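The values are calculated or read from the model by the stated rules, or taken from the named source; none is laboratory data. Keep in mind the model is a prediction, meaning the values are calculated, not measured. Reconstructed Cβ throughout: ideal geometry from the backbone, glycine too, with neighbour counts over all protein chains shown.
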């Protein structure tokens, strides 16, 4: 385990974390998407990305801390929405059936000061373990172009590319990705 990962701690997000999480997400979108999208694409991404507070209410959203600093966040969902924040159009709070549906990995963000430290891997592992513990055998997500390399390295495979249209006239490119989950151990 790297020295960076030994300093990282994982916990569930709380409603009082929302201002800090919003700032982290804004920084991640603004800085980490610039190698993958033109300036108008980064600006449009704010319209389709962000925090879905339902994840915090459901107890499925994690925060990774590096000391006192929030280094990253992300979660999973047993609800139908694949991506987007509270402000995004097309959200669907319908509950998924673990027997036939894939759990959703949602709203994964790493602060630009904490990339390449294992933050994303830590969150993905926690999401996968929790979803498998609730009987899901598969997870899916809508990955940004910046996230695809991490998710591929963690065993996710591309299902289909698609775009999220915005009112700014820019269609944000995303990739639906999926992975089979390891069943939770029987206790």
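Does residue 30 fit the bill of being at pLDDT 95 or above, touching a helix residue (DSSP H, G or I) at 6+ places or on another chain (Cβ under 9 Å), on the phi < 0 side of the Ramachandran plot and buried (at least 19 other Cβ atoms within 10 Å of the Cβ)?
Spelling it out, it is not the case that residue 30 is at pLDDT 95 or above, touching a helix residue (DSSP H, G or I) at 6+ places or on another chain (Cβ under 9 Å), on the phi < 0 side of the Ramachandran plot and buried (at least 19 other Cβ atoms within 10 Å of the Cβ).
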- Query: Just checking, which of 187, 138 is at pLDDT 95 or above and farther than 29 Å from residue 43 by Cβ?
  - Reply: 138
- Query: Considering 6, 81, which residue is modelled with pLDDT under 95, under 25 Å from residue 128 (Cα atoms) and surrounded by fewer than 13 Cβ atoms within 10 Å (Cβ to Cβ)?
  - Reply: 6
- Task: Could you grab me the full set of residues in the stretch 139-155 that are touching a strand residue (DSSP E or B) at 6+ places or on another chain (Cβ under 9 Å), over 25 Å from residue 97 (Cα atoms) and assigned to a loop (DSSP other than H, G, I, E, B)?
- Result: 145, 147
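Determine whether the stretch 38-50 contains at least one residue that is free of Cβ contacts under 8 Å to residues at least 12 places away in the same chain and surrounded by fewer than 18 Cβ atoms within 10 Å (Cβ to Cβ).
Yes: the stretch 38-50 contains one or more residues that are free of Cβ contacts under 8 Å to residues at least 12 places away in the same chain and surrounded by fewer than 18 Cβ atoms within 10 Å (Cβ to Cβ).
Yes/no matrix, rows are residues, columns are (1) in contact with a strand residue (DSSP E or B) (Cβ under 9 Å, 6 or more places away or on another chain); (2) at pLDDT below 95; (3) over 28 Å from residue 138 (Cβ atoms); (4) not in a helix (DSSP H, G or I):
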position	(1), (2), (3), (4)
10	yes, no, no, yes
19	no, no, yes, no
25	yes, no, no, no
37	yes, no, yes, yes
42	no, no, yes, no
47	yes, yes, yes, no
- Query: What is the number of the single condition among (1) within 22 Å of residue 41 (Cα to Cα); (2) surrounded by fewer than 20 Cβ atoms within 10 Å (Cβ to Cβ); (3) in contact with a helix residue (DSSP H, G or I) (Cβ under 6 Å, 6 or more places away or on another chain) that residue 160 does not meet?
  - Reply: (3)
- Item | Index of the failed condition, residue 81 passing every other in (1) in contact (Cβ under 8 Å) with a residue 40 or more places away in the chain; (2) closer than 16 Å to residue 57 by Cβ | (1)
- Message: Condition first: in contact with a helix residue (DSSP H, G or I) (Cβ under 7 Å, 6 or more places away or on another chain) and surrounded by fewer than 16 Cβ atoms within 10 Å (Cβ to Cβ). Now tell me which residues in the stretch 92-110 satisfy that.
- Response: 93
- What's the number of the condition residue 158 fails, among (1) closer than 23 Å to residue 25 by Cα; (2) over 12 Å from the mean Cα position of the chain (by Cα); (3) not in a loop (DSSP other than H, G, I, E, B)? (1)
- Of (1) touching a strand residue (DSSP E or B) at 6+ places or on another chain (Cβ under 9 Å); (2) surrounded by fewer than 16 Cβ atoms within 10 Å (Cβ to Cβ), residue 89 satisfies all except one. Which? (1)
